[in-house]
1. Any residue in region 42-60 that is touching a helix residue (DSSP H, G or I) at 6+ places or on another chain (Cβ under 8 Å), closer than 30 Å to residue 177 by Cα and assigned to a helix (DSSP H, G or I)?
2. Where residues in region 1-41 are surrounded by 20 or more Cβ atoms within 10 Å (Cβ to Cβ) and assigned to a loop (DSSP other than H, G, I, E, B), which of them is modelled with the lowest pLDDT?
3. Here is a list of conditions, (1) free of Cβ contacts under 8 Å to residues at least 60 places away in the same chain; (2) in a loop (DSSP other than H, G, I, E, B); (3) touching a helix residue (DSSP H, G or I) at 6+ places or on another chain (Cβ under 9 Å); (4) surrounded by fewer than 23 Cβ atoms within 10 Å (Cβ to Cβ), and residue 215 meets all of them except one; can you say which number that is?
4. Please count how many residues of region 155-174 are touching a strand residue (DSSP E or B) at 6+ places or on another chain (Cβ under 9 Å), touching a residue at least 24 places away in the same chain (Cβ under 8 Å) and more than 10 Å from residue 304 (Cβ to Cβ).
5. Restricting attention to region 180-204, which residues are outside any loop (DSSP other than H, G, I, E, B) and more than 19 Å from residue 130 (Cα to Cα)?
6. Test each condition in (1) outside any helix (DSSP H, G or I); (2) on the phi < 0 side of the Ramachandran plot for residue 103 and report the one that comes out false.
7. Please enumerate the residues belonging to region 156-179 that are part of a loop (DSSP other than H, G, I, E, B) and at pLDDT 95 or above.
8. Please go through region 256-291 and give me each residue that is under 20 Å from residue 316 (Cβ atoms), assigned to a loop (DSSP other than H, G, I, E, B) and touching a helix residue (DSSP H, G or I) at 6+ places or on another chain (Cβ under 9 Å), ordered by number.
């Protein structure tokens, strides 16, 4: 039986790397300290493999091509950041992350056998979904990472109860791994935020930047050949949103819902599986935004942890990064 040795979760707002100085120093220091604490917790478990519950920000999957509801990366390695994120995240070199393909294949097969229509992704590229947490956690370990991608931006999305069941099914597959296998879980994303990705219900046809994002999200990386500065201007758009408290620009809209975030984290840390499974697309969309659906990653990890309680290190509504920033540890090594 594989053994779970760590489980941590944190937000992955690109602003934490792209424009960290916009956040007040006292808050930024608190969040950076929390990141380092999570990194130490992850490293303390000495995992052989990390299952990372992530969402793809159109690094690998596109509306006009292939948009799986759930996908698992099965490959010798994965790489990040993707080209379009390099300058945006202020990262100078790419990192190759081992992928543990035999374990990934085992879990993929187990999921399919148990009724999950999971897509097989080959070698994938990471963006802020993994690189932002990894850079700030500084775990100092080189163990393989298996990405578990959940579609959060392009409806229809899987129900929240299905995300929880996905986590449970992955945990069941992990339990059939050899006894010596030490496994860690990582989830990233959320909480409430309205990032500048094109959304058919909110983006104005007069917003030229959003229309450019629509083309990228639909056509894929080929579009960047004709619009190479898109992701540099993605940063600029976010900064302008934060200054004006608007989404999209020229439309006044709160950028973080602190009340909902704190309520969600109270339920999550209490291991309230009934609440998590009862969440609906409409509720999350209305209360936490289209970016808020990244809590699907959190719900899946709670399923993988079988509803265990966890500890909130810190939560801050960081308008400057247009995101409710949260950091959580299951304190597995302390049990």
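1. Within region 42-60 (the criterion being touching a helix residue (DSSP H, G or I) at 6+ places or on another chain (Cβ under 8 Å), closer than 30 Å to residue 177 by Cα and assigned to a helix (DSSP H, G or I)), the answer is yes, since at least one residue qualifies.
2. Per the stated criteria, the residue is 2.
3. (2)
4. Qualifying residue count, region 155-174: 3.
5. Of everything in region 180-204, just one residue is outside any loop (DSSP other than H, G, I, E, B) and more than 19 Å from residue 130 (Cα to Cα), namely 182.
6. Among (1) outside any helix (DSSP H, G or I); (2) on the phi < 0 side of the Ramachandran plot, the lone unmet condition for residue 103 is (1).
7. 156, 157, 158, 159, 175, 176, 177, listed by residue number.
8. 256, 257
The values are calculated or read from the model by the stated rules, or taken from the named source; none is laboratory data. Bear in mind the structure is a predicted one, so any value in this text is a computation, not a measurement. Glycine gets a Cβ as well: all are built from the backbone with ideal geometry, and neighbour counts include every protein chain shown.
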